[in-house]
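Q: Pasting a structure below so you can have a look.
We did not get these values from a lab; they are worked out from the coordinates using the rules stated. These numbers come from a predicted model, not from an experiment. Note that we place each Cβ from the backbone using ideal geometry, even for glycine, and neighbour counts take in every protein chain shown.
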Amino acid sequence: MNVELGFWSLGAVFLLIAWRVPIGIALGGVALLGIAYLRNWKVSFAILGTTPFEFVAHDTLSAIPMFLLMGAIAHHSGISRSLFKAARLWLGGIPGGLAISTNFASAGFAAASGSSVATAAAMGRIAVPEMLRAGYDKGLATGVVASAGTLGSMIPPSIMFVLYGVFAEVSIVKLLIAGIIPGLLTAGIYALMIYLRAIITPEIAPRMSVEERIGLKPQRWSALREIWPLLVLMAGIIGGLYSGVVTPTEAGAAGAFLALVIAILQRRLNLSRFMACLVEAMVSTARIFFVAFSAVLYSKFLSMTGMPFWFGDLLGNLDSTLMLILATSLIFIVLGMFLDSLGLMLLTLPILLPMFESAGLNLIWFGVLTVKFLEIGLLTPPVGFNVYVIKAAVGDKVPLEQIFKGVLWFLLCELIVVVLLVAFPQIALWLPSTM
Amino acid sequence: MSSALKALDWLVVAMMWVGCAAGLLMMLHIAADVFARNVLNDPIDGTIEIVSSYYMVAVAFFPLAYVTRGEGQIYIDLFTRWMPRRTLGLIDTVIYALTTVFLFALAWRSYETAHGKMQQGEVWESAGGYLVVWPSRYVLLTGVLVWAIVTLRLTVAGLLRGADGIDSELHPPLPDPEDDLPERAVE
């Protein structure tokens, strides 16, 4: 056993990442040297020569480019704008209406997009200016977009669930379905919090005048006309996954294809914008896969050190599940402050999964918790990626600190969701158990 | 020299587009298979194997050089953000040099594997027949090799001219078409 070496390697990876070494290079490089040290260069090079192909040439992972393409088509065809418009017409009149509309429009967009950052980016440029124009508090206006964007990873499709499923060797379909209720629950709790805050402190979200509210009504049904084809498609895809008619890859490819057809029929997408969708999706795929196959190399090295088993044994002596979950939450929250969600998940899973397996915990439930923690990591300073995405979208209008401050309220909601998920695992597990 | 660099630029962009074409074909192929299986009750043989062994490999490895030359691989700049540009140029040069070593090692090993698989005539069993898979090993090799050459070029640029040299070799990614989205199309 070389558990100590495992710890040193983790330190080395963090150090390299802190010195702006790309995460994939840090993981792959440390793995290569580590395996050579533990065994020899021959073994190390042999693993290097076969792992990338073996990992990538995998039909399950093909859901990732397809989900990304579906999200890109939905975004570039302007569906995010139409969703916000419809949500605003239906919900804009209630206290905190524009922020609640943004929240539910993000949840709707999350059903077409597999990525939190993409969801936040899609909504950022549309919803924030509208809220600022209406005199909303800057923290609330930006915080809601950054936070509701995280629904992109929880509500299917989800890139993170696909990667988790591959690493944990659990059913990706069940994971995707397991994310539905926690995702909707999060959106519901966000909406409730915004509503209550807007009632208690009306100046943070000035309410529309009676005339304005009346003015919304006539356009409501026409706004739905623009978005219903895509919403029906997304519901159909989730239904197809649930009933087992299609695999996640097939759902992604058929979804992307049909979203393309809808966008063309609605004259929302031309050739140049479709090409941009393709580039965006495939370039993101390549970036994700590079980190992912390097993480596979690193987890092969870690298992050679015996570190995951050492942690498993350590936890075998702890008989409190709650302690395990608390420790895991702490690890995710602390590391989530510094690492991006992909790196965080791929770095921690090789260590955490054996622990949860040996404790006999449900890995689908752990998957939902993991994605929840990754979402929280997207919002916590100093490296909260979604906050930076919103900052990039709003420019100098809102300082970074104010966005982080606005996000605090949503983090409080996340805490409630995590407690509920831990106390009632059925929130995540009920829907997949009916499949 | 400059025509060789131009050829490299062209190759990097061309490979990115081949990766995109593979993504497009993947979507069409799988969607056609879903339709054929569920509507015509006659699935397209070998879809999973072709997707896994060809489209996926092209999608994953062909755009990597383009990524490095454009927006860059995923990294964290939290702890180095405050550093002067000159120091960052130095750090980036060292990182590009290390990356180049790693990628040439990966390319060399990928070549050994690809060559071995070609000699074996690697095939996958698919729908009662066999699918020749070994050429896809060379797809990976090409992607990694061109990527390694791009990082080598960035290393040399950094060594010769520091941060200025690196910046002059980096190309901004394609503009976001959202910026020129006509209002009519989205309202």
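Q: Which shape class, rounded, prolate or oblate, goes with region A:164-233 when its Cα gyration tensor gives a ≥ b ≥ c as root eigenvalues, a/c under 1.5 marks rounded, and past that a/b bigger than b/c marks prolate?
A: Note, shape of region A:164-233 comes out oblate.
Q: Mind running the shape call on region A:1-66? Use the C-alpha gyration tensor, a ≥ b ≥ c as the square roots of the eigenvalues: rounded below 1.5 for a/c, prolate if a/b tops b/c, oblate otherwise.
A: Working: a/c = 2.33, a/b = 1.36, b/c = 1.71.
Verdict is oblate for region A:1-66.
Q: Using only Cα atoms and rounding to the nearest 10 degrees, what angle (0 to 90) does helix B:85-120 make with the longest principal axis of chain B?
A: 30 degrees
Q: Which of B:Ile50, A:Ile238, A:Ile194 has the fewest other C-beta atoms within 10 Å, and how do the rest follow up to the most?
A: Listing B:Ile50, A:Ile238, A:Ile194 from fewest to most nearby Cβ atoms yields A:Ile238, B:Ile50, A:Ile194.
Q: Check cross-link reach from A:Lys138 to the aspartates and glutamates: straight Cα distance under 20 Å, and skip same-chain residues fewer than eight apart.
A: A:Glu130, A:Glu203, A:Asp396, A:Glu401
Q: Using helices alone, I'd like the mean residue ellipticity at 222 nm for chain B: each DSSP H run of four-plus residues gives -39500 (n - 2.57), total over residue count, nearest 500.
A: After summing the helix terms and dividing by the residues of chain B, the value is -23500 deg cm²/dmol.
Q: Assign unit charges at the C-beta atoms only (+1 for Lys and Arg, -1 for Asp and Glu), then state the dipole size of the protein assembly as shown relative to its Cα centre in Debye, rounded to the nearest 20. Can you show the working numbers first?
A: Values: 37 positive and 40 negative charges, 192 e Å.
Once rounded to the nearest 20, the dipole reads 920 debye.
Q: Would you calculate, for chain A, the mean residue ellipticity at 222 nm contributed by helices, counting each DSSP H stretch of 4 or more residues as -39,500 (n - 2.57) and dividing by all residues, to the nearest 500? Before the final figure, lay out the partial values.
A: Numbers: 23 runs with 347 residues, N = 435.
So the helix-based figure for chain A works out to -26000 deg cm²/dmol.
Q: Return B:Trp82, A:Trp409 ranked ascending by Cβ neighbour count within 10 Å, so the fewest neighbours appear first.
A: Ranked by crowding around the Cβ, least crowded first: B:Trp82, A:Trp409.
Q: Going down the list A:Lys174/A:Lys372; A:Lys300/B:Lys117; A:Lys85/A:Lys372, which pairs span over 19 Å between their C-alpha atoms?
A: A:Lys300/B:Lys117; A:Lys85/A:Lys372
Q: Residues of A:41-54, mean number of Cβ from any other protein chain within 10 Å of their own Cβ, rounded to a whole number?
A: If you average over the peptide's residues, the count of other-chain Cβ atoms is 5.
Q: Once the other residues with Cβ under 10 Å from the Cβ of A:Ser153 are scored (Lys, Arg +1; Asp, Glu -1), what is the net sum?
A: Surrounding charge for A:Ser153 is 0.
Q: So for A:Ser243, A:Ser171, fewest C-beta neighbours within 10 Å to most, what's the order? Walk me through the numbers on the way to the answer.
A: On the way: A:Ser243 9, A:Ser171 17.
If I rank by nearby Cβ atoms, fewest first, I get A:Ser243, A:Ser171.
Q: Sticking with this one: Would you work out the charge dipole size for chain B about its Cα centre, treating the Cβ of every Lys and Arg as +1 and the Cβ of every Asp and Glu as -1, and quote it to the nearest 20 debye?
A: Using only the charged Cβ atoms, the result is roughly 820 debye.
Q: Right, another one. Put +1 on the Cβ of every Lys and Arg and -1 on every Asp and Glu Cβ in chain A; which of A:Val407, A:Met131, A:Leu349 then has its Cα farthest towards the positive end of the dipole?
A: Value: A:Met131.
Q: Within 10 Å of each Cβ in B:57-70, how many Cβ atoms from other chains are there, averaged over the peptide?
A: Working: counts 5, 3, 12, 19, 7, 2, 9, 6, 1, 4, 7, 4, 0, 2.
Mean partner-chain Cβ count within 10 Å for B:57-70: 6.
Q: To continue, here is another question. Have a look at A:Pro202, A:Pro157, A:Pro95 and tell me which one the Gaussian network model of chain A (Cα, springs below 10 Å) gives the largest fluctuation.
A: Comparing A:Pro202, A:Pro157, A:Pro95 in the GNM, the peak value goes to A:Pro202.
Q: Please give me the summed charge of the neighbours of A:Gly406: other residues whose Cβ is under 9 Å from its Cβ, Lys and Arg +1, Asp and Glu -1.
A: +1
Q: I need the shape label for chain B. Rule: rounded when a/c is under 1.5, else prolate if a/b > b/c, else oblate, with a, b, c from the alpha carbon gyration tensor.
A: oblate
Q: Which Cα, out of A:Ala141, A:Phe14, A:Phe45, lies furthest along the positive dipole direction of the protein assembly as shown (beta carbon charges, K/R +1, D/E -1)?
A: A:Ala141
Q: Right, next: In peptide A:409-420, how many Cβ atoms from other protein chains are near each Cβ within 10 Å, on average?
A: 0
Q: Within a Cβ distance under 15 Å of A:Trp310, other residues only, what is the Lys/Arg minus Asp/Glu net charge?
A: So the environment of A:Trp310 carries a net charge of -3.
Q: Amide H of B:Ser126 versus every other amide H placed in the peptide plane: which residues, excluding those fewer than 5 positions away on the same chain, fall under 5 Å?
A: B:Leu131
Q: What are the membrane-span-like helices in chain A by this rule: whole DSSP H runs, Cα extent along the axis at least 18 Å, mean Kyte-Doolittle hydropathy at least 1.6?
A: What comes out of the filter, once short or polar helices are dropped, is A:3-18, A:23-38, A:180-200, A:248-265, A:321-336, A:363-377, A:400-423.
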